[in-house]
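To start, the structure under review is shown below, and the notes come after it.
The values are calculated or read from the model by the stated rules, or taken from the named source; none is laboratory data. Model, not experiment: these values are computed from the prediction. Positions of Cβ are backbone-derived with ideal geometry, glycine not excepted, and every protein chain shown enters the neighbour counts. Calculation scope for accessible area: heavy atoms of the full protein, side chains included, ligands and nucleic acids excluded. Shrake-Rupley method; radii C 1.70, N 1.55, O 1.52, S 1.80 Å.
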Amino acid sequence: MSRALITGITGQDGAYLAKLLLDKGYKVYGLIARRSTSTTWRLEYLNIVNDVELIDGDLTDISSLINAIRISKPTEVYNLAAQSFVGTSWEQPITTTQVTGLGVLNMLEAIRNIDPTIKFYQASTSEMFGLIQEEKQTENTKFYPRSPYGVAKLFGHWITINYRESYNMFTCSGILFNHESPIRGIEFVTRKVTDAVARIKLGKQDQLKLGNIDAKRDWGFAGDYVEAMWLMLQQEEADDYVIATGKTTTVRDMCRIAFNYVGLNYEDYVVIDPKYYRPAEVDILLGDPSKARGKLNWEPRTSLEELIEMMVEADLVRNRKHA
């Protein structure tokens, strides 16, 4: 039986990946940072909380990573844990760097010292492209990160490549563009929008405050994207892949889709608030997933309209429950 250790298992991607691997017959372990309140709601939402084995640990503590690897004896490690909110990275740049950057090195060192045959997946990000150098971003596009988060992720990306080339380890990076779902954190713009739409429709809220609604993003469904992570570790050779839809949409258009779904006009409710502008804005991200399509035989299956409608519907259900 294949065995997987997922860091960040209580996050959006970790939960969807755990479900995918369980469905494939894996024994799934998850590294979980100790918190005073429960963080397993996403695993509960997907009805898998009792099917995974959770191990206390922290990416900033290499001894806990060594312990987790010894307990789980994984054939594959998926490193999805990070301080992953871009906005927070300006307020907490050191914590972001320690967890999102150096945490990757800690995990790689733990693997190298215990069992260097373990296959490793690193969650890289389109935020590494930042101030874009090409209209469509590929695996060969130059990086220009525009946030402490993007800079930390770039270190994680390059150290993953370095360990592949230095120690002949099977280490891959997935450069994932924005991917969303009904279990996306409320602090992310898509979920902020869909939750607000549900609350406005139900009379619980009267406006939605946003920053730069003309920023463009390449949005896909997290449930589709975790399949690409798994596929990368099933290849003969380790490599890095852009995972994206190849289509870009403004925050404004995303709002239009969400409000349209409940029969409302977004212009009546969206308010621009300068406090939501970032110190250095990324205006547009657009991925080219040709390599993933050709080598992994991977395609996104969920359209943006389907994704946003799925998220609004889930937020309507949640908000009705808490009426």
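Quick rundown of the values:
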quantity: Sequence-separation-based contact order of segment 1-149, relative, with Cα cut under 8 Å and 6+ spacing, percent; calculated: 23 percent
quantity: 10 Å beta-carbon shell around residue 230, net charge (K/R +1, D/E -1); calculated: -1
quantity: Extension gain, residue 205 back to residue 273 (0.36 nm per residue minus Cα-Cα distance, nm); calculated: 22.9 nm
quantity: Helical contribution to [θ] at 222 nm, DSSP H n ≥ 4, -39,500 (n - 2.57), averaged over the chain, rounded to 500; calculated: -11500 deg cm²/dmol
quantity: Full-extension gain in nm, residue 283 to residue 61, via 0.36 nm per residue minus C-alpha separation; calculated: 76.4 nm
quantity: Simple spin-label estimate for residue 236 and residue 297 in nanometres, 7 Å along Cα-Cβ; calculated: 1.5 nm
quantity: Alpha-carbon centroid distance for the pair segment 77-103 / segment 1-61, whole angstrom; calculated: 18 Å
quantity: Per-residue HN-Hα couplings for segment 48-60 [Karplus 6.51, -1.76, 1.60; θ = phi - 60°; Hz; x = Gly/Pro]; calculated: 10, 4, 8, 9, 10, 9, 9, 10, 5, x, 8, 4, 7
quantity: Accessible surface ranking that places the most exposed of 230, 219, 158 first, with a 1.4 angstrom probe; calculated: 158, 230, 219
quantity: Cross-link partners of residue 247 among aspartates and glutamates (Cα-Cα below 14 Å; sequence separation of 8 or more within a chain); calculated: 135, 218, 288, 299, 305
quantity: Of all DSSP beta bridges in the chain, antiparallel share, percent nearest 5; calculated: 5 percent
quantity: Sequence of 291, 275, 136 when ordered by accessible area, the most exposed leading, probe 1.4 angstrom; calculated: 275, 136, 291
quantity: For residue 61, residues with placed amide H under 5 Å, excluding near neighbours; calculated: none
quantity: Largest-first ordering by accessible area, 1.4 Å probe, given options 54, 5; calculated: 54, 5
quantity: Links that overshoot a 32 Å alpha carbon limit, given the list 119/321; 119/142; 27/321; calculated: 119/321; 27/321
quantity: Amide proton proximity set for residue 30, modelled H, under 5 Å, gap of 5+; calculated: 6, 53, 54, 55
quantity: Other-chain or far-sequence residues with amide H under 5 Å of residue 209's (modelled H); calculated: 271
